[in-house]
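First the structure, in the form of C-alpha coordinates, and then the observations on it.
The values are calculated or read from the model by the stated rules, or taken from the named source; none is laboratory data. Note that the structure is predicted; figures quoted are calculated from it, not measured. Counting neighbours? That spans all protein chains shown, and the Cβs are built from the backbone with ideal geometry, glycine included. Surface areas here come from the heavy atoms of the whole protein model, side chains and all, with no ligands, DNA or RNA. Shrake-Rupley method; radii C 1.70, N 1.55, O 1.52, S 1.80 Å.
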Amino acid sequence: MLSGELVMLKTSHRGKVREFIVNVSEDDFHTDFGKIDLSVLIDKEPGDAVISHMGQEFTIQRPRMPDFFNHAKRSGAPMMPKDIGPIIAYTGLNKQDNVLDAGTGSGVLAMYLGSIAKRVLSYEIREDFAQIARQNVLSAGLDNVEIRCGNIIQEIASLDESFDVVTLDTQDSRHVIPHVRKVLNPGGFLVTYSPFFEQTKDIREAIEAAHFYDVRTMEFSEREISFSDRGTRPATARVGHTGFITIARK
Ligand SMILES: C[S@@+](CC[C@H](N)C(=O)[O-])C[C@H]1O[C@@H](n2cnc3c(N)ncnc32)[C@H](O)[C@@H]1O
(Lines give C-alpha, C1' and ligand atoms only; values in the text may rest on other atoms or scores of the structure.)
Protein backbone atom coordinates (compact mmCIF):
# COMPACT_ATOMS: atom_id res chain seq x y z
CA MET A 1 0.00 0.00 0.00
CA LEU A 2 1.16 3.59 -0.54
CA SER A 3 1.87 6.19 2.12
CA GLY A 4 -1.34 8.20 2.76
CA GLU A 5 -3.54 5.61 1.06
CA LEU A 6 -6.90 4.74 2.63
CA VAL A 7 -7.11 1.21 3.99
CA MET A 8 -9.93 -0.74 5.61
CA LEU A 9 -9.01 -3.07 8.46
CA LYS A 10 -11.56 -5.80 9.09
CA THR A 11 -11.75 -8.28 11.93
CA SER A 12 -14.18 -10.75 13.47
CA HIS A 13 -14.88 -10.85 17.18
CA ARG A 14 -17.45 -13.14 18.83
CA GLY A 15 -19.21 -13.61 15.50
CA LYS A 16 -19.40 -9.86 14.78
CA VAL A 17 -17.44 -8.11 12.04
CA ARG A 18 -15.75 -4.83 13.04
CA GLU A 19 -14.03 -2.56 10.54
CA PHE A 20 -11.98 0.63 10.60
CA ILE A 21 -10.85 2.97 7.81
CA VAL A 22 -7.32 4.34 8.34
CA ASN A 23 -4.53 6.05 6.41
CA VAL A 24 -1.18 4.41 5.78
CA SER A 25 1.08 6.53 8.03
CA GLU A 26 3.70 6.41 10.79
CA ASP A 27 0.98 6.59 13.48
CA ASP A 28 -0.45 3.97 15.82
CA PHE A 29 -4.18 3.23 15.59
CA HIS A 30 -5.97 2.25 18.80
CA THR A 31 -8.88 -0.21 18.78
CA ASP A 32 -10.73 -2.25 21.44
CA PHE A 33 -8.59 -5.13 20.21
CA GLY A 34 -5.24 -3.45 20.69
CA LYS A 35 -2.88 -1.03 18.99
CA ILE A 36 -1.96 -1.34 15.32
CA ASP A 37 1.28 0.10 13.94
CA LEU A 38 0.05 1.68 10.67
CA SER A 39 3.58 1.95 9.22
CA VAL A 40 3.58 -1.84 8.61
CA LEU A 41 0.80 -1.31 6.02
CA ILE A 42 3.33 0.07 3.54
CA ASP A 43 4.64 -3.46 2.88
CA LYS A 44 1.17 -5.00 2.62
CA GLU A 45 -1.39 -5.66 -0.13
CA PRO A 46 -5.18 -6.02 0.01
CA GLY A 47 -5.92 -9.50 1.38
CA ASP A 48 -2.86 -9.47 3.68
CA ALA A 49 -3.27 -9.32 7.46
CA VAL A 50 -1.91 -7.12 10.26
CA ILE A 51 -1.83 -8.15 13.91
CA SER A 52 -2.56 -5.78 16.81
CA HIS A 53 -0.29 -5.75 19.88
CA MET A 54 -2.98 -7.89 21.59
CA GLY A 55 -2.74 -10.53 18.85
CA GLN A 56 -5.99 -9.71 17.01
CA GLU A 57 -5.75 -10.28 13.25
CA PHE A 58 -7.15 -7.67 10.82
CA THR A 59 -7.58 -8.27 7.10
CA ILE A 60 -6.62 -5.43 4.76
CA GLN A 61 -9.11 -4.22 2.14
CA ARG A 62 -9.22 -1.16 -0.12
CA PRO A 63 -12.36 0.76 0.93
CA ARG A 64 -14.98 1.43 -1.76
CA MET A 65 -18.04 3.69 -1.87
CA PRO A 66 -20.34 1.33 0.14
CA ASP A 67 -17.72 1.41 2.92
CA PHE A 68 -17.59 5.22 2.86
CA PHE A 69 -21.43 5.20 2.93
CA ASN A 70 -21.34 3.03 6.09
CA HIS A 71 -18.66 5.14 7.76
CA ALA A 72 -19.84 8.65 6.71
CA LYS A 73 -20.91 11.03 9.50
CA ARG A 74 -24.63 11.79 9.15
CA SER A 75 -26.04 15.32 9.35
CA GLY A 76 -29.48 14.21 8.18
CA ALA A 77 -31.00 11.46 6.08
CA PRO A 78 -28.55 10.49 3.34
CA MET A 79 -29.76 9.10 0.06
CA MET A 80 -29.82 5.29 0.07
CA PRO A 81 -27.83 3.12 -2.36
CA LYS A 82 -31.12 1.75 -3.80
CA ASP A 83 -31.93 5.29 -5.03
CA ILE A 84 -28.39 6.29 -5.99
CA GLY A 85 -27.96 3.28 -8.30
CA PRO A 86 -30.84 4.22 -10.63
CA ILE A 87 -29.67 7.87 -10.75
CA ILE A 88 -26.30 6.70 -12.04
CA ALA A 89 -27.87 4.21 -14.46
CA TYR A 90 -30.62 6.44 -15.89
CA THR A 91 -28.34 9.45 -16.41
CA GLY A 92 -25.48 7.35 -17.82
CA LEU A 93 -23.12 9.23 -15.50
CA ASN A 94 -19.52 8.94 -16.71
CA LYS A 95 -16.01 10.24 -16.11
CA GLN A 96 -16.42 13.24 -18.46
CA ASP A 97 -19.44 14.59 -16.59
CA ASN A 98 -19.66 17.75 -14.50
CA VAL A 99 -22.39 17.52 -11.88
CA LEU A 100 -24.24 20.19 -9.90
CA ASP A 101 -25.81 18.85 -6.68
CA ALA A 102 -27.94 20.35 -3.87
CA GLY A 103 -28.50 20.04 -0.93
CA THR A 104 -25.34 18.32 0.06
CA GLY A 105 -26.64 16.98 3.40
CA SER A 106 -24.10 14.37 4.55
CA GLY A 107 -22.61 14.40 1.04
CA VAL A 108 -23.43 10.78 0.35
CA LEU A 109 -24.97 11.30 -3.10
CA ALA A 110 -22.26 13.84 -4.00
CA MET A 111 -19.56 11.30 -3.04
CA TYR A 112 -21.08 8.45 -5.03
CA LEU A 113 -21.40 10.76 -8.07
CA GLY A 114 -17.86 12.04 -7.51
CA SER A 115 -16.50 8.48 -7.51
CA ILE A 116 -17.57 8.27 -11.18
CA ALA A 117 -17.87 11.80 -12.61
CA LYS A 118 -15.14 14.30 -13.50
CA ARG A 119 -16.33 16.91 -11.02
CA VAL A 120 -19.17 17.48 -8.55
CA LEU A 121 -20.09 20.92 -7.22
CA SER A 122 -22.53 20.64 -4.32
CA TYR A 123 -24.38 23.40 -2.41
CA GLU A 124 -25.51 23.10 1.21
CA ILE A 125 -27.44 25.90 2.92
CA ARG A 126 -26.13 25.04 6.43
CA GLU A 127 -22.44 25.64 7.13
CA ASP A 128 -22.37 23.00 9.92
CA PHE A 129 -23.73 20.39 7.47
CA ALA A 130 -21.30 21.55 4.77
CA GLN A 131 -18.40 21.01 7.21
CA ILE A 132 -19.53 17.45 8.01
CA ALA A 133 -19.89 16.68 4.31
CA ARG A 134 -16.42 18.14 3.53
CA GLN A 135 -14.98 15.85 6.23
CA ASN A 136 -16.76 12.85 4.65
CA VAL A 137 -15.42 13.78 1.20
CA LEU A 138 -11.90 14.10 2.62
CA SER A 139 -12.20 10.74 4.42
CA ALA A 140 -13.22 9.14 1.12
CA GLY A 141 -10.12 10.56 -0.58
CA LEU A 142 -12.15 12.42 -3.25
CA ASP A 143 -10.50 15.59 -4.59
CA ASN A 144 -13.11 16.29 -7.30
CA VAL A 145 -16.08 17.02 -5.00
CA GLU A 146 -16.39 20.68 -3.98
CA ILE A 147 -18.88 21.67 -1.31
CA ARG A 148 -19.96 25.28 -1.11
CA CYS A 149 -22.19 26.77 1.55
CA GLY A 150 -25.10 28.62 -0.02
CA ASN A 151 -28.76 28.60 -0.98
CA ILE A 152 -29.01 26.85 -4.34
CA ILE A 153 -32.01 28.99 -5.34
CA GLN A 154 -29.82 32.10 -5.32
CA GLU A 155 -26.49 30.48 -6.22
CA ILE A 156 -27.69 28.74 -9.39
CA ALA A 157 -28.77 32.07 -10.88
CA SER A 158 -25.22 33.43 -10.70
CA LEU A 159 -23.33 30.29 -11.79
CA ASP A 160 -21.37 30.74 -15.02
CA GLU A 161 -20.48 27.04 -15.45
CA SER A 162 -22.43 24.36 -17.27
CA PHE A 163 -23.18 20.81 -16.15
CA ASP A 164 -24.14 17.45 -17.62
CA VAL A 165 -26.23 16.33 -14.65
CA VAL A 166 -28.04 18.37 -11.98
CA THR A 167 -29.28 16.56 -8.86
CA LEU A 168 -31.66 18.26 -6.43
CA ASP A 169 -32.51 16.84 -3.01
CA THR A 170 -33.99 19.85 -1.20
CA GLN A 171 -37.47 20.72 0.01
CA ASP A 172 -37.60 23.71 -2.32
CA SER A 173 -36.39 22.01 -5.53
CA ARG A 174 -39.38 23.38 -7.44
CA HIS A 175 -37.96 26.90 -7.05
CA VAL A 176 -34.58 25.78 -8.43
CA ILE A 177 -35.96 24.05 -11.53
CA PRO A 178 -36.73 27.25 -13.51
CA HIS A 179 -32.96 28.06 -13.40
CA VAL A 180 -31.67 24.58 -14.33
CA ARG A 181 -31.95 24.93 -18.13
CA LYS A 182 -29.46 27.81 -18.06
CA VAL A 183 -26.71 25.66 -16.50
CA LEU A 184 -27.52 22.28 -18.06
CA ASN A 185 -25.76 21.16 -21.24
CA PRO A 186 -28.00 20.07 -24.14
CA GLY A 187 -28.94 16.41 -23.61
CA GLY A 188 -28.04 16.69 -19.93
CA PHE A 189 -30.22 15.33 -17.11
CA LEU A 190 -32.08 16.91 -14.23
CA VAL A 191 -32.77 14.56 -11.30
CA THR A 192 -34.91 15.40 -8.28
CA TYR A 193 -35.50 13.38 -5.14
CA SER A 194 -38.63 14.08 -3.11
CA PRO A 195 -40.13 12.08 -0.21
CA PHE A 196 -43.76 13.27 -0.60
CA PHE A 197 -46.33 13.01 -3.39
CA GLU A 198 -47.28 16.69 -2.96
CA GLN A 199 -43.67 17.85 -3.35
CA THR A 200 -43.23 15.54 -6.34
CA LYS A 201 -46.35 16.98 -8.02
CA ASP A 202 -44.96 20.52 -7.60
CA ILE A 203 -41.67 19.33 -9.09
CA ARG A 204 -43.48 17.81 -12.08
CA GLU A 205 -45.34 21.08 -12.69
CA ALA A 206 -42.11 23.08 -12.53
CA ILE A 207 -40.40 20.67 -14.96
CA GLU A 208 -43.33 20.87 -17.36
CA ALA A 209 -43.23 24.68 -17.28
CA ALA A 210 -39.46 24.59 -17.99
CA HIS A 211 -39.93 22.38 -21.10
CA PHE A 212 -37.80 19.31 -20.52
CA TYR A 213 -37.95 16.04 -22.48
CA ASP A 214 -38.47 12.46 -21.28
CA VAL A 215 -39.87 13.23 -17.82
CA ARG A 216 -40.38 10.19 -15.57
CA THR A 217 -41.07 9.80 -11.87
CA MET A 218 -40.15 6.48 -10.29
CA GLU A 219 -39.97 4.79 -6.92
CA PHE A 220 -37.42 2.06 -6.30
CA SER A 221 -37.75 -0.66 -3.70
CA GLU A 222 -35.25 -3.04 -2.18
CA ARG A 223 -36.25 -6.42 -0.79
CA GLU A 224 -33.55 -8.46 0.88
CA ILE A 225 -34.11 -12.20 1.16
CA SER A 226 -33.38 -13.84 4.52
CA PHE A 227 -32.01 -17.37 4.75
CA SER A 228 -32.30 -19.37 7.97
CA ASP A 229 -32.86 -22.94 9.17
CA ARG A 230 -36.59 -22.16 9.43
CA GLY A 231 -36.86 -21.20 5.77
CA THR A 232 -36.20 -18.65 3.07
CA ARG A 233 -38.33 -15.53 2.67
CA PRO A 234 -38.18 -11.75 2.22
CA ALA A 235 -36.56 -10.20 5.31
CA THR A 236 -39.15 -8.81 7.72
CA ALA A 237 -37.04 -5.72 8.52
CA ARG A 238 -36.52 -3.77 5.33
CA VAL A 239 -35.79 -0.38 3.78
CA GLY A 240 -39.25 1.18 3.51
CA HIS A 241 -40.32 4.24 1.52
CA THR A 242 -37.55 6.74 0.96
CA GLY A 243 -38.43 9.08 -1.91
CA PHE A 244 -39.54 9.52 -5.49
CA ILE A 245 -37.00 10.13 -8.20
CA THR A 246 -37.95 12.34 -11.12
CA ILE A 247 -35.65 12.41 -14.13
CA ALA A 248 -35.93 14.81 -17.06
CA ARG A 249 -33.72 15.64 -20.02
CA LYS A 250 -32.87 18.93 -21.70
C1 LIG B 1 -32.10 15.26 2.56
S2 LIG B 1 -30.68 16.22 2.69
C3 LIG B 1 -29.71 15.75 1.31
C4 LIG B 1 -29.03 14.43 1.50
C5 LIG B 1 -27.95 14.18 0.46
N6 LIG B 1 -28.51 14.03 -0.86
C7 LIG B 1 -27.13 12.96 0.82
O8 LIG B 1 -27.15 11.96 0.07
O9 LIG B 1 -26.45 12.98 1.87
C10 LIG B 1 -31.25 17.82 2.19
C11 LIG B 1 -30.23 18.92 2.47
O12 LIG B 1 -30.57 20.06 1.70
C13 LIG B 1 -30.21 21.22 2.42
N14 LIG B 1 -30.96 22.35 1.81
C15 LIG B 1 -32.28 22.63 1.96
N16 LIG B 1 -32.61 23.69 1.20
C17 LIG B 1 -31.48 24.08 0.55
C18 LIG B 1 -31.17 25.11 -0.39
N19 LIG B 1 -32.11 25.96 -0.80
N20 LIG B 1 -29.89 25.20 -0.86
C21 LIG B 1 -28.94 24.34 -0.43
N22 LIG B 1 -29.17 23.35 0.46
C23 LIG B 1 -30.42 23.21 0.94
C24 LIG B 1 -30.60 20.86 3.85
O25 LIG B 1 -29.93 21.67 4.80
C26 LIG B 1 -30.21 19.37 3.91
O27 LIG B 1 -28.91 19.22 4.42
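Here are some notes:
- Packing-based ranking of 20-33, 194-207, 219-232 yields 194-207, 20-33, 219-232, ordered from highest to lowest mean Cβ neighbour count within 10 Å.
- Kirkwood hydrodynamic radius computed over the range 6-61 comes to 11.1 Å, based on all pairs of distinct alpha carbons.
- Exceedance of the 26 Å cut-off in Cα-Cα distance is limited, within the set LYS118/LYS182; LYS82/LYS118; LYS10/LYS118; LYS44/LYS82, to LYS10/LYS118; LYS44/LYS82.
- Here the chain is assigned +1 on the Cβ of each Lys and Arg and -1 on the Cβ of each Asp and Glu. Its dipole about the Cα centre then comes out at about 780 debye.
- Summary value for the chain: 13 percent relative contact order, contacts being C-alpha pairs under 8 angstrom separated by 6+ residues.
- The sum of -39500 (n - 2.57) across all DSSP H runs of n ≥ 4, divided by the residue count of the chain, sets its helix-only mean residue ellipticity at 222 nm to -7500 deg cm²/dmol.
- Top of HIS53, HIS175, HIS211 by mean-square fluctuation, Gaussian network on the chain, Cα under 10 Å: HIS53
- Cα-based Rg of the chain normalised by 2.2 N^0.38 Å, two decimals: 1.16
- Each of the peptides 106-114, 36-44, 145-153 was scored by the mean count of other Cβ atoms within 10 Å over its residues; in descending order, highest first, they stand as 106-114, 145-153, 36-44.
- Solvent-accessible area per residue, Å², over the chain with all protein chains present [probe radius 1.4 Å]: 54
- Rounded to whole Å, the principal axis extents of the Cα atoms in the range 35-125 read 46, 28, 22, largest first.
- When the chain is treated as a GNM with alpha-carbon contacts under 10 Å, the residue of ALA210, ALA237, ALA49 showing the greatest mean-square fluctuation is ALA237.
- Most positive-pole-ward Cα, MET79, VAL50, PHE69, against dipole of the chain from beta carbon charges: MET79
- Residues in the range 166-171 carry Karplus couplings, in order, of 10, 10, 10, 10, 9, 5 Hz; the curve used is 6.51 cos²θ - 1.76 cosθ + 1.60 with θ = phi - 60°, and Gly or Pro positions show x.
- Over all Cα atoms in the range 78-218, the spread is summed up by Rg and Dmax: 13.8, 40 Å.
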